[in-house]
Each structure stands twice: as C-alpha cells, then as structure tokens.
Amino acid sequence: MPGKLGEIFLDIENQVIALNAEWHIYQQLFENEEDWQLLVQSSAYGWAVLHDALVERCIFRITRLIDRDKRTVSIPNLIRIARKEGVCDLGKALDADVDALKKGAKKLKKLRNNVLAHHNYDVAIGRRAYPIVSMAMIKSLIGRITDLCQSFRRRFGLDHFAYDMLVGAWADGITASFRRLQRFEELRKQVRRGELSNHELRQAILNMGRGLF
C-alpha cells in the first residue's frame, strides 16, 4: 500500500486487531451465562469492573475508527486520502459501507459522548435516558469494521487476516480453571460427608488433570 496511505492503514489495522482481541476476551469470559455465574462467585465486583472496561474500550475503539474528524486516524479519513491520492476507485467503492457503518454506530457515539467520555448532567439526573446499546449491536459493528479492513487488504493484494484469532483460548483457560476449582471443592465436600473415599478423590483429581471433567 503506497506512502501515507499505507502508514494510516497500518495504524487503523492495529486498532482493529486490538478491537477484535478485546472483544474476543469479552466473549470468552462473559457471553456464556454459566461461565459468568462462575466468575461472579469468585469476585463479583472485580469481574464486573473488567466486563465494563472491555465493553467501554470496544465502544471507544469503534467510534474512533469511524470518526470523520480530519485529526483522527479513522476509516473515513483513510478513504478521503485514498481519493485525494487517486488510488484506484477506493474512495467511491467504500463510501456506502462507511455511511451504513456510521449510521449503525449512532447510538454508540451518543453513549460515548454523553455518558462515557463526559458524564452528562441530564443523563445523571434522569432527564435523558442512556442510549440502548446491545452486545449484538457491538458485535455486528466489529464485524463490519473488520470486513472493511479486509476489503482494503484485498484491494491491495494482501492476504486475508484472521483478526479474531490473536487471543487464542486465554480467557477460556481462565474459566476452565475456575470450573476445576469449583469441581474440586464439590469433591472435598463429598469426602467430608462420607460420600466419596480418599482413593476416589485422588482418581477424580487425576481425571481433572486429564481434562475428563
């Protein structure tokens, strides 16, 4: 990708990578109700803080990536520069996609401006309601932003990039560890109640280590 356009795209792609990574962590930790209840049992407030922080970071990244302010490194500005430099028909081809993306993120931008970035007085005292933002909406916008980046990559002959695979199973490992701890506590209670022998406890622990629980 030529010159300044390539530098800006690299910056945008790094933001999209971070956005997908943070959303991937959110999904692994909090999308499954059973896993969420498990985390709450260990430290409800701590996990709630992490939950809110991940959601807010995703909202900030999405709204920054679609910002039309010329001072920001964003997808609309990347298209503007592509058009200015006469790079293929890149600008016109993606204008409709960006407009649809901006329209879809309108509630997120309102939430960012009125609540997250600036604690709006009218919202605080109940004169104005919080914009209703669902996790499905955030997920959809992340997918559309990622698709736009893939469009840029295809246009310039770059390979498809698996944005959502960078985190791997890190968060899955956390919830799996909590499940094993929870199972271990249940086994200990069974031993204390005389429902399980020490030999059976040791065998159960071995099975947990082999991933059979």
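Just so it is clear, none of the values below were taken in a lab; they were calculated from the coordinates. This is a predicted model, so every value here is computed, not measured. Quick reminder, even Gly has a Cβ in these numbers, built from the backbone with ideal geometry, and neighbours come from all protein chains shown.
Below are the figures for this structure:
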read-out	value
Computed magnitude of the charge dipole of the range 3-164 (debye, nearest 20; Cβ of K, R +1, Cβ of D, E -1)	1000
Pairwise label distance in nanometres, H118 with E34, each label 7 Å out on the Cα-Cβ vector	4.6
Cβ crowding within 10 Å averaged over residues, with 19-26, 182-189 ranked highest first	19-26, 182-189
The range 26-68: trypsin sites (Lys or Arg not before Pro) falling in loop per DSSP and having at most 15 other Cβ within 10 Å	R68
Gain on full stretching of the segment that runs from V191 to D95 - 0.36 nm per residue minus C-alpha separation	28.0 nm
Extension gain, E200 back to F184 (0.36 nm per residue minus Cα-Cα distance, nm)	4.5 nm
Whole-Å semi-axes of the range 2-120's equivalent ellipsoid (Cα gyration tensor)	34, 16, 12
